[in-house]
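Peer 1: Structure provided below as structure tokens; questions to follow.
The values are calculated or read from the model by the stated rules, or taken from the named source; none is laboratory data. These numbers come from a predicted model, not from an experiment. Ideal geometry is used to build each Cβ from the backbone, glycine not excepted, and the neighbour counts take in all protein chains shown. SASA here: full protein model, heavy atoms, side chains in, ligands and nucleic acids out. Shrake-Rupley method; radii C 1.70, N 1.55, O 1.52, S 1.80 Å.
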Amino acid sequence: MYNKKIPIDLNCGFRIAIEVIGGKWKPYFVYELLSGPKRPSELRRRMPEASERVLAQQLKELMEYGVIEKNVIDPVCKHTEYSLTALGQTLIPIIEQLREWGNGFRPRLEEILDGKSEEE
């Protein structure tokens, strides 16, 4: 695992949670895997604006923390899938609440973004 310059504060549960699922794409990976295992190409298709390098790095971090696992289906064809682990399953209520909060905040964000486009 990558050694960070600033160590993780293990005395703060919030910082630990952000370390594990923080990042632009990590929560989205967990959300996508709620419906079942996905191939890497499926995940990339759902996030075309993300670079392949960033996606690979964040998937690797989620695996290192034990949130997801990589399953080799066919080693000859290099067919693999990612799925949530038992630990990853414990994130489902949190991810669902984030989704609900985002849906509720959507009208306000649209107002904010409309205001910015009028200023330009």
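Peer 1: Counting C-alpha atoms alone, how compact is the chain: give Rg to one decimal and Dmax as a whole number, in angstrom.
Peer 2: 16.8, 56
Peer 1: Moving to a separate point now. Give the accessible surface of the chain per residue, rounded to a whole number of Å², with probe radius 1.4 Å and ligands, DNA and RNA excluded.
Peer 2: With all protein chains present, the chain gives 72 Å² per residue.
Peer 1: Another question, if that's okay. Share of segment 22-115's accessible area from carbon and sulfur, percent, 1.4 Å? All intermediate terms of the calculation are to be shown ahead of the outcome.
Peer 2: Numbers: 3270 of 5960 Å².
On segment 22-115, the fraction of accessible area on carbon and sulfur atoms equals 55 percent.
Peer 1: Can you give the net charge of the other residues whose Cβ lies under 15 Å from the Cβ of residue 74, counting K and R as +1 and D and E as -1?
Peer 2: +2
Peer 1: Related question: Determine, from the Cβ-Cβ distance of residue 109 and residue 5 and an R0 of 30 Å, the FRET efficiency 1/(1 + (r/R0)^6), rounded to the nearest 0.05.
Peer 2: After rounding to 0.05, the efficiency reads 0.35.
Peer 1: Right, here's the next one. Under the Kirkwood approximation applied to all pairs of distinct alpha-carbon atoms, what is the hydrodynamic radius of segment 33-80 in Å?
Peer 2: Hydrodynamic radius (Kirkwood, Cα pairs) of segment 33-80 is 11.6 Å.
Peer 1: Modelling each spin label as a point 7 Å along the Cα-to-Cβ direction, I'd like the residue 52/residue 24 distance in nm, to one decimal.
Peer 2: Output for this residue pair reads 1.7 nm.
Peer 1: In nanometres, what is the gap between the two model label sites at residue 78 and residue 94, each 7 Å from Cα along Cα-to-Cβ?
Peer 2: In this crude spin-label approximation the distance works out to 3.3 nm.
Peer 1: At a threshold of 8 angstrom on Cα-Cα distance, excluding pairs fewer than six apart, so keeping six or more, what relative contact order does the chain reach in percent?
Peer 2: Once divided by the residue count of the chain, the mean separation gives 24 percent.
Peer 1: Sort the following peptides by mean Cβ neighbour count (other Cβ atoms within 10 Å, averaged over residues), highest first: 63-75, 25-37, 41-53.
Peer 2: Put in order of decreasing packing, that is 25-37, 63-75, 41-53.
Peer 1: Can you give the helix-only mean residue ellipticity at 222 nm for the chain, where every DSSP H stretch with n ≥ 4 adds -39500 (n - 2.57) and the sum goes over all residues, rounded to the nearest 500 deg cm²/dmol?
Peer 2: -17500 deg cm²/dmol
Peer 1: Roughly how tilted is helix 92-119, in degrees to the nearest 10 and between 0 and 90, from the longest Cα axis of the chain?
Peer 2: Roughly 40 degrees between the two axes.
Peer 1: Here's something else I'd like to know. Provide the per-residue ³J(HN,Hα) series for segment 82-87, in order, calculated from phi with Karplus coefficients 6.51, -1.76, 1.60 and θ = phi - 60°, each as a whole number of Hz, with x at glycine and proline positions.
Peer 2: Once rounded to whole Hz, the list reads 9, 8, 6, 8, 4, 5.
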